[in-house]
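See below for the structure under consideration.
The values are calculated or read from the model by the stated rules, or taken from the named source; none is laboratory data. What you are looking at is a predicted structure, and each value in this text was computed from that prediction instead of being measured. Heads up, the Cβs are rebuilt from the backbone with ideal geometry, glycines too, and the neighbour counts pull from every protein chain shown. Surface areas here come from the heavy atoms of the whole protein model, side chains and all, with no ligands, DNA or RNA. Shrake-Rupley method; radii C 1.70, N 1.55, O 1.52, S 1.80 Å.
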Amino acid sequence: MDNSAEIMKLIEAGLQQDSVKVLNYSMLLITKLESKGDLNAAERLRKIIKNSKTLALKAKDCSQIINSPVDSESRLPLAEIKQYSLDSIFLSVSDIAKESIEEYISIIDNAGELSEKGIKINRNLLLYGPPGVGKTQAAKYISARTQLPLVTVRIDGLVSSYLGSTS
């Protein structure tokens, strides 16, 4: 099998739920198929990618896949892992903030294309501001739009859990 390496990498990336790798290895496989003259298979694969809205592999319940850390004394979770849907989120922020959020989402959605062109992206985002300006709602909105889980750390649990502990 000529393309076994790409197929194995595609399966591995799919099982790891790494949509960027899935997209990149799919594009590599398309290029190899085209160079070998298998235009029909390349076009079918291209259609599959095009018809996939985000190529993100969705987990029904992220908490079953990712174990949240717990406080060693109380055994309470130190983080909450949730997947949000767009119909459950209402985002009300300034136009400038909305523009920045949409730009960030666009970068995440196009990460595969950007990395193909050699552009390294930073997937980190720092939301800051006084209480009530929409930081939490913006994080939920980004989670819903990118179909990625949102991990919310409970600072009170972290502080009480590690207060007095040595490094």
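Data for the structure
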item	result
Simple label model, 7 Å out from Cα along Cβ direction - PHE90 to ILE11, nm	4.8 nm
Cα gyration tensor, the range 71-133 - rounded (a/c under 1.5), prolate or oblate	oblate
Listed peptides 136-147, 41-52 by packing density, highest first (mean Cβ within 10 Å)	136-147, 41-52
Relative packing of peptides 22-30, 80-88 - highest average C-beta neighbours within 10 Å first	22-30, 80-88
ILE105-ARG44 FRET efficiency (beta carbon distance; Förster radius 25 Å; 0.05 resolution)	0.30
Per-peptide average of other Cβ atoms within 10 Å, ordering 102-111, 118-127, 89-98 highest first	102-111, 89-98, 118-127
Residue-normalised accessible area of the range 89-144, given per residue in Å² at a 1.4 Å probe	70 Å²
